[in-house]
Amino acid sequence: MDEIVAEFLVESIESLDRLDRDLLALEREPSREVLASIFRTMHTIKGACGFLGFPRLERVAHSAESLLAGLRDGSTSMTPEIAEALLRTGDALRSMLDRIASTGSDGEDGHDDVVGDLERLRATPAEAHTTEPVAPATPVTRPREGHGGVTDTTVRVDVALLDRLMTLVGELVLARNHLVGLAEDAADPALASASQGVDRITAELQDGVMKTRLQPIRTAWSAFPRMVRDLALALDKRAGVETDGEDTELDRSIIEAIKDPLAHLVRNAIDHGIETPRERAEAGKPDEGLIRVRAYHEGGQVTIEVADDGRGIGIAAIRSTAVEQGLIAAEQAGRMTERQLIELLFVPGFSTADHVTTVSGRGVGMDVVRTNIERVGGSVDVVSEHGRGTTFKIRIPLTLAIVPALIVSSGGRRYAIPQANVLELVAVSADDLGSVHDATVYRLRDRLIPIVSLAGVLGSTGEVRSGGSLVIARADDRRFGLLVDGVSDSVDIVVKPLGRHLSGLDVFAGATILDDGHVAAIVDVVGLADRAGVARGERDRPDDDRTTPVATSGATSLLVFSDPSGARMAVSLDLVERLEAFPRDSVERSGVDDVVRYGDRILPLARVDELLVDRRREHRYAGEELPDDLQVLIHRERETLLGVVVGRIIDVVEHPLELQPASRPGVRGTMILDGRVTEIIDLAGLVRGRDERRTTPLRADTGAAS
Amino acid sequence: MKRLATFTIDGEAFGVDVSRVREVLRPQDLTPIPLAPPEVAGLINLRGEIVTALDLRVRLGSPTRADDRAMSLIMTTPHGPVSLLVDDVGEVLEVGDGRFDPPPTTLRGAARELIVGTYSIDDRLLMELDVEHAIDGTTPSGADVEMEDR
């Protein structure tokens, strides 16, 4: 195809996407700038059509331009009908552009209905009560004449050429490093100044060339406002879309790959998520549903969120549909956690829609969404809250980018850790790590965090050295301490993909060349956390505490402890906010409770064995079975704290919950952990039980509850 | 006539199609990659490009190299350059079909897969390496398992 025509097509399609956005904005609120932008778009297309010889396309664009001119000078006023007609004009133009792309001609269809509407509306004078012109008398700046218009400042470049430039810049960086080294040794002021100049220019050139392959993510979602409007109309719903971070840049090929999955998630949000206006009113929500699309950088990754404020994912519906469709057995369905059930959404063919609509509910989609995203190395997570909405979180790696990173050493080698995965650095000695208990956790201020030794995970020496640095790292919603031998530097690194022989290594996200020319692998913090078995579900975001994270692994983090009599028990680590030790003589009496001072609060204590058998003893903390330092698990239920006194803390393990039926109330079940029978305690249930007993003071002390 | 770039591994002579060799490098600084398949010796910095180095000794099942003085043959592949580590690099030889024989039946298992055939040159045996196999094939000692593990 003629190169000029090809360029015209690309530009026109881009401007039509903008046209949709502008029209929707104008429909909501008259604005002279927006009107000017629409006018300019239409004018540019019309001008180019005349120039390139597409008479039918030109005629449609011309009619639209005339109508817009009327709006601009106030002789016609904006109505929903006009907005609709202009949107349909955009569609007509698009279909003609498609035709030009495939056949080279603008076809036979003159879209007379659209032209007719535009002309009729143009002829309708402004109504008396809405005479305020959308635009004032000041003339809109005329666009530059002829082909190109506002998009003249861009050129199209072959990606292969950009790749070649990238490689050359890489070589230049190394030559620069060499030169800087020589200049430092030579102590020649003239050479030093010259090398500084080369240094600075190289850095800027590197930055510039890197950016050429990136595109703002806007191109993937520019069609969303229109799509949301049309879909909501078709489904008798009301919905708007709000975008944030549309300038976030991603490699062009990645944007192409995630375009369709994102559109699918938005369609799903309207079809399944957003309720009808009446349902929303009953639920006390605004009539209009809101879909929020956000993108932001996080580590070596870009995170994209598609969130709606709709009804949330119906767990019960998933459960019954999965059983109906024979995906799982009824008995199995009863045992599955909410997370596991939500995970079923991604099974091919699964759909909970009551009826098949043209929009979704045909059972194709979510599995394709996940597949497409995983193909470019990304991941999808779902967080849903009943009645409050659903958020899909997509993480996409940047295979081609400059990211700030921390250079660490471990086992005699250097590694780069993306700075955005790093929360803070702590210098530690082996004593610090051993001081809590046998398990590898570290108490960072008030929080317990699991410790992972980088050398251990990577299979070099598993020894914890006498000293080192702890990199407090964040992997999606997990937080853990990564133990390294030392931290040498914080630099901007160029991320390069690993070759095919290493593409299966999930602990590395790529490699980079350090200033001295050596290669260092870039740690994939999420992959490393997975490999090391760091539990998911430890939430970092206080604002959505009550939402349900969906984990991809079935393992649960369990805190293993003994009760004061030595029986082995465990509790899900999620339920334990902190571990504390209190001297036995710091326990005081307050009413019927034993309490300790805990910061500026009073913390009630309860022995785990007493919670379990509902029994009170005298001298509860005087027995010899308890150590001088009481080991206490702090449990929080909203604002209420309870300290659960245990005998000894043994370990933190990562294990799937495979429970045998419980032997007594307050126990979720038993399982074999490290070769020993362990009771898994229902801590939340025990605490509720305790509260109920306390609010029924007349109840007799029954000894054992069973 | 075929032209083979020759090299040695553990005292034996091998050759690869010279048109696939982009360049020959002296011993390079290698960054070993933990958890990588065994034949991956590490990554090298080839003028700003990061290239995976495969140790042909591991591929061929020969004893481990005692020093880190391996020469590097940079091979062109459709997916970018790959380095093959060899003991020593020799001259480029022209070989004729007349002296071609299939791989000797006595060849050890791992090597046998990688050898197209042999040429007798001046009483010496030159084994021609199958480039695709050497680069893409798997090493029997568990590289596959490593990949499937994830």
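The values are calculated or read from the model by the stated rules, or taken from the named source; none is laboratory data. Everything quoted here is computed from the prediction, not taken from an experiment. Methodologically, a virtual Cβ is constructed for each residue, glycine included, from the backbone with ideal geometry; neighbour enumeration extends over all protein chains shown.
Can you find even one residue in the range A:206-215 that is surrounded by 12 or more Cβ atoms within 10 Å (Cβ to Cβ), out of contact with any helix residue (DSSP H, G or I) (no Cβ under 6 Å at 6 or more places or on another chain) and within 14 Å of chain B (Cβ to nearest Cβ)?
Checking the range A:206-215: at least one residue is surrounded by 12 or more Cβ atoms within 10 Å (Cβ to Cβ), out of contact with any helix residue (DSSP H, G or I) (no Cβ under 6 Å at 6 or more places or on another chain) and within 14 Å of chain B (Cβ to nearest Cβ).
What about A:Thr141, is it assigned to a loop (DSSP other than H, G, I, E, B) and modelled with pLDDT under 80?
Values: assigned to a loop (DSSP other than H, G, I, E, B): yes; modelled with pLDDT under 80: yes.
Judged against the criteria, A:Thr141 is a match.
Go through the range B:18-55 and count every residue that is more than 22 Å from A:Tyr415 (Cα to Cα) and touching a helix residue (DSSP H, G or I) at 6+ places or on another chain (Cβ under 6 Å). Steps first, answer last, please.
So the first thing to find is which residues in the range B:18-55 are more than 22 Å from A:Tyr415 (Cα to Cα), and the list is B:18-27, B:55.
Now narrow it down to the ones that are touching a helix residue (DSSP H, G or I) at 6+ places or on another chain (Cβ under 6 Å): B:20.
Selection size over the range B:18-55: 1.
What is the number of the single condition among (1) within 14 Å of chain B (Cβ to nearest Cβ); (2) at pLDDT 85 or above that A:Val487 does not meet?
So the condition that A:Val487 fails would be (1).
Only residues that are assigned to a helix (DSSP H, G or I) and at pLDDT 85 or above: list them for the range A:205-217, please.
Here is the first cut: in the range A:205-217, the ones assigned to a helix (DSSP H, G or I) are A:205-212.
Within the range A:205-217, A:Leu205 is the sole residue that qualifies.
Within the range A:22-45, can you find the residues that are surrounded by fewer than 20 Cβ atoms within 10 Å (Cβ to Cβ) and among the basic types (Lys, Arg)?
A:Arg28, A:Arg32
From A:Ala232, A:Ala194, A:Ala220, grab the single residue that is assigned to a helix (DSSP H, G or I), more than 14 Å from chain B (Cβ to nearest Cβ) and either surrounded by fewer than 18 Cβ atoms within 10 Å (Cβ to Cβ) or in contact with a His (Cβ under 6 Å, 6 or more places away or on another chain) (or both). Break it down stepwise before answering.
Working: A:Ala232 fails: either surrounded by fewer than 18 Cβ atoms within 10 Å (Cβ to Cβ) or in contact with a His (Cβ under 6 Å, 6 or more places away or on another chain) (or both); A:Ala220 fails: either surrounded by fewer than 18 Cβ atoms within 10 Å (Cβ to Cβ) or in contact with a His (Cβ under 6 Å, 6 or more places away or on another chain) (or both).
Criteria check complete, one pass: A:Ala194.
Being under 15 Å from A:Arg500 (Cα atoms) and at the interface with another protein chain (Cβ under 7 Å from one of its Cβ atoms) is the filter; apply it to the range B:17-43 and report the residue that is surrounded by the most Cβ atoms within 10 Å (Cβ to Cβ).
Keep residues of the range B:17-43 that are under 15 Å from A:Arg500 (Cα atoms), which gives B:33, B:35-43.
So of that shortlist, the ones also at the interface with another protein chain (Cβ under 7 Å from one of its Cβ atoms) come out as B:33, B:35-37, B:40, B:43.
Numbers: B:Ile33: 24, B:Leu35: 18, B:Ala36: 21, B:Pro37: 21, B:Val40: 23, B:Leu43: 28.
The selected residue is B:Leu43.
Can you name every residue in the range B:46-60 that is more than 14 Å from chain A (Cβ to nearest Cβ) and surrounded by fewer than 20 Cβ atoms within 10 Å (Cβ to Cβ)?
As a first pass, look at the range B:46-60 and keep what is more than 14 Å from chain A (Cβ to nearest Cβ): B:57, B:60.
Answer for the range B:46-60, where residues must be more than 14 Å from chain A (Cβ to nearest Cβ) and surrounded by fewer than 20 Cβ atoms within 10 Å (Cβ to Cβ): just B:Arg57.
Mind checking which residues of the range A:566-590 are over 12 Å from A:Val646 (Cα atoms) and in a loop (DSSP other than H, G, I, E, B)? Talk me through it step by step, then tell me what you get.
If we filter the range A:566-590 for residues that are over 12 Å from A:Val646 (Cα atoms), which is where we start, we get A:572-578, A:583-590.
Across the range A:566-590, the qualifying residues are A:Val576, A:Glu577, A:Val587.
Within the range A:54-76, which residues are surrounded by fewer than 23 Cβ atoms within 10 Å (Cβ to Cβ) and at pLDDT below 80?
Passing the criteria: A:Arg72, A:Asp73, A:Gly74, A:Ser75.
Name the residue, out of A:Leu67, A:Leu86, A:Leu71, that is in a helix (DSSP H, G or I), of a type in the set (A, V, I, L, M, F, W, C) and under 18 Å from A:Pro225 (Cβ atoms).
Working: A:Leu67 fails: under 18 Å from A:Pro225 (Cβ atoms); A:Leu71 fails: under 18 Å from A:Pro225 (Cβ atoms).
Going through A:Leu67, A:Leu86, A:Leu71 in turn, the sole match is A:Leu86.
Give me the residue from the range A:439-461 that is aliphatic (A, V, I, L, M) and modelled with pLDDT under 80 and, out of that set, farthest from A:Ile407 (Cα to Cα).
A:Ala439
Assess whether A:Gln301 counts as being more than 27 Å from A:Lys237 (Cβ to Cβ), modelled with pLDDT under 80 and within 22 Å of the chain's Cα centre (by Cα).
On the way: more than 27 Å from A:Lys237 (Cβ to Cβ): yes; modelled with pLDDT under 80: yes; within 22 Å of the chain's Cα centre (by Cα): yes.
When the stated conditions are applied, A:Gln301 passes them.
Hey, can you tell me all the residues within the range B:61-90 that are more than 14 Å from chain A (Cβ to nearest Cβ), in contact with a strand residue (DSSP E or B) (Cβ under 6 Å, 6 or more places away or on another chain) and either without any contact (Cβ under 8 Å) to a residue 60 or more places away in the chain or surrounded by fewer than 19 Cβ atoms within 10 Å (Cβ to Cβ) (or both)?
Result: B:Ser62, B:Ala70, B:Met71, B:Asp88, B:Val89, B:Gly90.
Six or more apart or on different chains, Cβ under 7 Å: which pairs go from a residue in the range A:224-236 that's free of Cβ contacts under 8 Å to residues at least 60 places away in the same chain to one that's assigned to a helix (DSSP H, G or I) and of a type in the set (A, V, I, L, M, F, W, C)? Could you list them?
Note: pairs meeting the criteria are A:Met227/A:Ala263; A:Met227/A:Val266; A:Ala232/A:Ile270.
Pairs under 7 Å by beta carbon, first residue farther than 15 Å from B:Phe7 by Cα in the range B:103-126, partner in a strand (DSSP E or B) and of a type in the set (Asp, Glu), six or more apart or different chains?
Matching pairs, first to second residue: B:Val116/B:Glu128; B:Gly117/B:Asp101; B:Gly117/B:Glu128.
Which condition does A:Thr89 not pass, out of (1) at pLDDT 80 or above; (2) assigned by TED's automatic domain parsing to the domain that holds A:Glu14; (3) within 30 Å of A:Lys211 (Cα to Cα); (4) not aromatic (Phe, Trp, Tyr), if it passes all the others?
Failed condition: (3).
Can you tell me which residue within the range A:495-523, out of those that are more than 8 Å from chain B (Cβ to nearest Cβ) and surrounded by fewer than 21 Cβ atoms within 10 Å (Cβ to Cβ), is modelled with the lowest pLDDT?
A:Asp515
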